[in-house]
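Quick notes on the structure that follows.
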Amino acid sequence: MAPIISINRLSKTYSDGFKALDNVSFDIEEGEILALLGPNGAGKTTLISIICGITNPSGGQVTVSGHDVVTEFRETRGEIGLVPQELTTDMFETVFNTVSFSRGLHGKSPDPDYIDQVLKDLSLFDKRDNTLRELSGGMKRRVLIAKALSHQPRILFLDEPTAGVDVALRKDMWQLVGRLRKTGVTIILTTHYIEEAQGIADRVGIINRGKLLFVEEKNALMRKLGRKQLTIELLEPIGAIPASLDSYSLTLGDGGKELVYDYELGSEDGEIARLLLAIDAAGLRFDDVSTRQTSLEDIFVSLIGDAA
Ligand SMILES: Nc1ncnc2c1ncn2[C@@H]1O[C@H](COP(=O)(O)OP(=O)(O)OP(=O)(O)O)[C@@H](O)[C@H]1O
């Protein structure tokens, strides 16, 4: 199947000479959830803005369903819903009218039943006739999503949808993303909550200083870069690791009370049993063994370093 979005050698240099995107290429498949991660200023919003036709690229090309986002803007924009970071709308308008108006802007005929359903899905229906200025910050966020869904897009961009929202709303948002995915909507999100990206995304792309470091299937990424750590708590602290354990990559922690063993995912089977026997043979006694697996966050921090 042809990708729903195709990004080819995309670059963006702003008028002040700043290069925000540098030769970025990748495809997005229909129906997937892609999380774009990167530190502040990495170029995520610039990339989204170009795909949505809000910002012009300096070089390269983006197609949405085979249409060029610059020369065939009308076709591509109709396919896309964008949830921006901030609300810029008439605060004196009602919730229903605001969302309905957004649908009209995309050239779709009015469909009050559909708009009411979107409001119900977002728990906004009882605020339907309230003006936006009467809503809480979290409810305004929901209006942003309702606007983005107003014209039944096939692709939804969520630019930091959960930044600064409370736990309940964040949970609602992820549930909504899950429901939308079931209807076949392609979802691209940026987030600083990496553990949430780990939970929901099919693929993860990491952008740093305008360059795409990689886009990879999440589970493959975890297998490739993920490591496990086994911590063995010793009954008596030791000053140094016995030479007989040299062949294992061990470090000493917690003032000599812990032996920490780093290993690759998948290599654990016989290896750990052998290590424990070797520790026993070295005369060390231990009373607890625990494991910890690298998270997407650990991988992100190790790739991006201090910039994260
Ligand atoms: N209109 C502009 N003119 C000049 N530079 C800009 C403009 N818009 C963005 N930039 C710069 O381009 C870089 C990328 O910005 P962008 O908003 O794409 O980053 P981001 O990854 O979305 O960051 P954040 O996580 O903070 O939202 C930043 O250094 C930013 O200052």
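The values are calculated or read from the model by the stated rules, or taken from the named source; none is laboratory data. Bear in mind the structure is a predicted one, so any value in this text is a computation, not a measurement. Here the Cβ is made from the backbone with ideal geometry for all residues, glycine too, and neighbour counts use every protein chain on show.
Which of the residues spanning region 167-184 are in contact with an Asp or Glu (Cβ under 9 Å, 6 or more places away or on another chain) and in contact (Cβ under 8 Å) with a residue 60 or more places away in the chain?
Within region 167-184, Arg181, Gly184 qualify.
Within region 211-239, track down each residue that is surrounded by 18 or more Cβ atoms within 10 Å (Cβ to Cβ) and under 17 Å from the mean Cα position of the chain (by Cα).
The answer is Leu212, Val215, Lys218, Leu221, Met222.
Starting from region 208-228, keep only residues that are more than 16 Å from the ligand (Cβ to nearest atom), then list their pairs with residues that are modelled with pLDDT under 85 and aromatic (Phe, Trp, Tyr) whose Cβ atoms are within a distance under 6 Å, requiring at least 6 positions of separation or different chains.
Lys228/Tyr263
In the list Thr98, Thr131, Thr186, which residue meets the criterion of being among the hydroxyl-bearing types (Ser, Thr, Tyr), closer than 18 Å to Ile48 by Cα and either modelled with pLDDT of 85 or more or more than 25 Å from the chain's Cα centre (by Cα) (or both)? Before the answer, list the steps.
Values: Thr98 fails: closer than 18 Å to Ile48 by Cα; Thr131 fails: closer than 18 Å to Ile48 by Cα.
Answer to the selection: Thr186.
In region 171-191, what residues are surrounded by fewer than 17 Cβ atoms within 10 Å (Cβ to Cβ) and within 10 Å of Arg141 (Cβ to Cβ)?
Of everything in region 171-191, nothing turns out to be surrounded by fewer than 17 Cβ atoms within 10 Å (Cβ to Cβ) and within 10 Å of Arg141 (Cβ to Cβ).
For region 29-68, name all the residues that are more than 8 Å from the ligand (Cβ to nearest atom), within 26 Å of Glu297 (Cα to Cα) and without any contact (Cβ under 8 Å) to a residue 60 or more places away in the chain.
Passing the criteria: none in range.
Restricting the search to region 11-28, which residues are hydrophobic (A, V, I, L, M, F, W, C), farther than 13 Å from Ile187 by Cα and either touching a Ser or Thr at 6+ places or on another chain (Cβ under 7 Å) or within 11 Å of the ligand (Cβ to nearest atom) (or both)? Can you show your working first?
Step one: of region 11-28, the residues hydrophobic (A, V, I, L, M, F, W, C) are 18, 20-21, 24, 26, 28.
Filter once more, so that each one left must be farther than 13 Å from Ile187 by Cα: 18, 20-21, 24, 26.
Of everything in region 11-28, those that are hydrophobic (A, V, I, L, M, F, W, C), farther than 13 Å from Ile187 by Cα and either touching a Ser or Thr at 6+ places or on another chain (Cβ under 7 Å) or within 11 Å of the ligand (Cβ to nearest atom) (or both) turn out to be Phe18, Ala20, Leu21.
If Ala281 satisfies every condition in (1) at pLDDT below 90; (2) surrounded by 11 or more Cβ atoms within 10 Å (Cβ to Cβ) but one, which is the exception?
Every listed condition holds for Ala281 apart from (1).
Pairs under 8 Å by beta carbon, first residue within 15 Å of Leu277 (Cα to Cα) in region 233-250, partner β-branched (Val, Ile, Thr) and assigned to a loop (DSSP other than H, G, I, E, B), six or more apart or different chains?
These pairs meet every condition: Leu250/Ile241.
Counting just the residues of region 96-140 that are among the hydrophobic types (A, V, I, L, M, F, W, C) and within 22 Å of Phe73 (Cα to Cα), which one comes out surrounded by the most Cβ atoms within 10 Å (Cβ to Cβ)?
Val99
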